[in-house]
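**Student:** Please find one structure pasted underneath; my questions will follow.
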Amino acid sequence: MPSTTFAPDEPLISTIDAVAYEARTGLSATPKTLSPWLFYDEAGSHLFEQITELPEYYLTRTERSIFAANASEILSEAALGQGPSGKLTLIELGAGTATKTGILLAEAVRQQGSVVYQPVDVSETALAEASENILSNIPGVTVRSQVTDYTREALPLNRLPDTRTLALYIGSSIGNFMPEDARDVLRNLRAQLLPGDTLLLGTDLAPNGGPVANKTVATLLAAYDDAAGVTAAFNLNVLTRLNRDLGADFVPANFRHRACWNPAESRIEMHLESLIAQRVHIPVNSSGRAFTVDFARGESIHTENSYKFTSAAVDALLASAKFRKMKSWEDPQHLFAVTLATA
Ligand code: AVI
């Protein structure tokens, strides 16, 4: 499960209340919306893992390649200002299964002998998988997993004396927030860091946002509408989830996945477009009352935004949360950026 999962970390019944609340508010709004955390049930999390391996979805492998090429410098820069005996502790927001983090952890162990790693996620099972992967592959890492919804709760920063924190917020997860929410997430994070602590932020770059032409809109659209239909299945799975969790009667075949580029907002949008005029019944809502949702033919549910940043926009976002940019790294094609900033 990636870090875009905003589902509350509560027992099943409360999660279903939260799903019902999202469905009622989102589907009675104009235009209709559903929050992207609804994607990440078990099937959706599995589909997302598949997305990260698609040929069209360049984000994950590009960020990984930036880590592979620059881990030594990233860790050295983040460690600047450490006391002589000081070590970096790595904390990762929305760690999921932490597949890319291994490169940075291995480098931290190389530089400082050992490292404490605190992955934070709403999914206990993803954290268990992350912990098992890391412990069995990278000796020298102590894992302290924390099941927390970092968008709602304070971060569990269990500081060891003499250590600095490097907070990882990677995978372009920040791009799934509206700009003001992205700023608030980073502000909350910064409020819990000490001077000298650092943030490593992964952001997907806007088309032609880098110093040279980097990606076309077609590249972006393909990443969110792949030939194998995995992203379509990921998007449509939200309807299956509402059927299962709330007893709704969505017919997923009556909707189609649509991805579009919104240049004014610099974001990819995902929608579920109704192929016919139809009425859907949702028996459970947060107040226990059934409701119905009518769709006109062609009407859509807006299910996700994925913001794409120029490097100036990354700088502005960091500055709005009072982080000071130290350095950034990009892949040779300027598809993706990883930026280090200090609190
Ligand atoms: C998790 N997040 C960064 C992904 C993205 O690219 O915005 C979610 C995703 N949606 C469709 N494909 C991937």
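**Student:** Find all pairs meeting these conditions: Cβ atoms under 7 angstrom apart; at least six residues apart or on different chains; first residue within the range 170-191 and closer than 16 Å to VAL120 by Cβ and basic (Lys, Arg); second residue modelled with pLDDT of 95 or more and away from the ligand (no atom under 13 Å from the Cβ).
**Tutor:** ARG190/ALA321; ARG190/LYS322; ARG190/PHE323
**Student:** Something else about it: In the range 187-194, is there at least one residue being polar (S, T, N, Q) and within 16 Å of the ligand (Cβ to nearest atom)?
**Tutor:** Of the range 187-194, the ones polar (S, T, N, Q) are 188, 192.
Within this subset, residues satisfying the condition of being within 16 Å of the ligand (Cβ to nearest atom) are none.
No, every residue in the range 187-194 fails to be polar (S, T, N, Q) and within 16 Å of the ligand (Cβ to nearest atom).
**Student:** Across the range 296-326, which residue is surrounded by the fewest Cβ atoms within 10 Å (Cβ to Cβ) among those that are touching a Gly at 6+ places or on another chain (Cβ under 8 Å) and of a type in the set (Phe, Trp, Tyr)?
**Tutor:** Among those that are touching a Gly at 6+ places or on another chain (Cβ under 8 Å) and of a type in the set (Phe, Trp, Tyr), it is TYR307.
**Student:** Okay, next question. Please go through the range 147-175 and give me each residue that is modelled with pLDDT of 90 or more, outside any loop (DSSP other than H, G, I, E, B) and either out of contact with any Gly (no Cβ under 8 Å at 6 or more places or on another chain) or within 16 Å of the ligand (Cβ to nearest atom) (or both), ordered by number. Please lay out each step first, then the result.
**Tutor:** Quick first cut of the range 147-175, residues modelled with pLDDT of 90 or more only: 164-175.
Those left that are additionally outside any loop (DSSP other than H, G, I, E, B): 164-169, 173-175.
Hits for the range 147-175 are THR165, LEU166, ALA167, LEU168, TYR169, SER173, ILE174, GLY175.
**Student:** Looking at SER76, SER131, which one is over 15 Å from the mean Cα position of the chain (by Cα), surrounded by 17 or more Cβ atoms within 10 Å (Cβ to Cβ) and assigned to a helix (DSSP H, G or I)?
**Tutor:** On the way: SER76 fails: surrounded by 17 or more Cβ atoms within 10 Å (Cβ to Cβ).
Testing whether each residue is over 15 Å from the mean Cα position of the chain (by Cα), surrounded by 17 or more Cβ atoms within 10 Å (Cβ to Cβ) and assigned to a helix (DSSP H, G or I) leaves just SER131.
**Student:** Grab the strands (runs of 3 or more DSSP E) fully contained in the range 184-282, keeping just those with 3 or more residues being of a type in the set (A, V, I, L, M). Before you say what the answer is, go through the steps one by one.
**Tutor:** Values: elements: 198-204, 255-262, 267-274, 278-282.
Here the list reads 198-204, 267-274.
**Student:** Residues to consider are VAL120, VAL116; find the one that is assigned to a strand (DSSP E or B) and in contact (Cβ under 8 Å) with a residue 40 or more places away in the chain. Don't jump to the end; show me each part of the working.
**Tutor:** Values: VAL120 fails: in contact (Cβ under 8 Å) with a residue 40 or more places away in the chain.
The match here is VAL116.
**Student:** Can you name every residue in the range 13-37 that is within 16 Å of the ligand (Cβ to nearest atom), hydroxyl-bearing (Ser, Thr, Tyr) and out of contact with any Leu (no Cβ under 9 Å at 6 or more places or on another chain)? If you could, list the steps in order and put the result at the bottom.
**Tutor:** To start, the set of residues in the range 13-37 that are within 16 Å of the ligand (Cβ to nearest atom) comprises 33-37.
In the following step, the residues that additionally are hydroxyl-bearing (Ser, Thr, Tyr) were identified as 33, 35.
The one that is within 16 Å of the ligand (Cβ to nearest atom), hydroxyl-bearing (Ser, Thr, Tyr) and out of contact with any Leu (no Cβ under 9 Å at 6 or more places or on another chain): SER35.
The values are calculated or read from the model by the stated rules, or taken from the named source; none is laboratory data. No experiment lies behind these values; they were computed from the predicted model shown. Cβ sites come from the backbone with ideal geometry, for glycine too, and all protein chains shown count toward neighbours.
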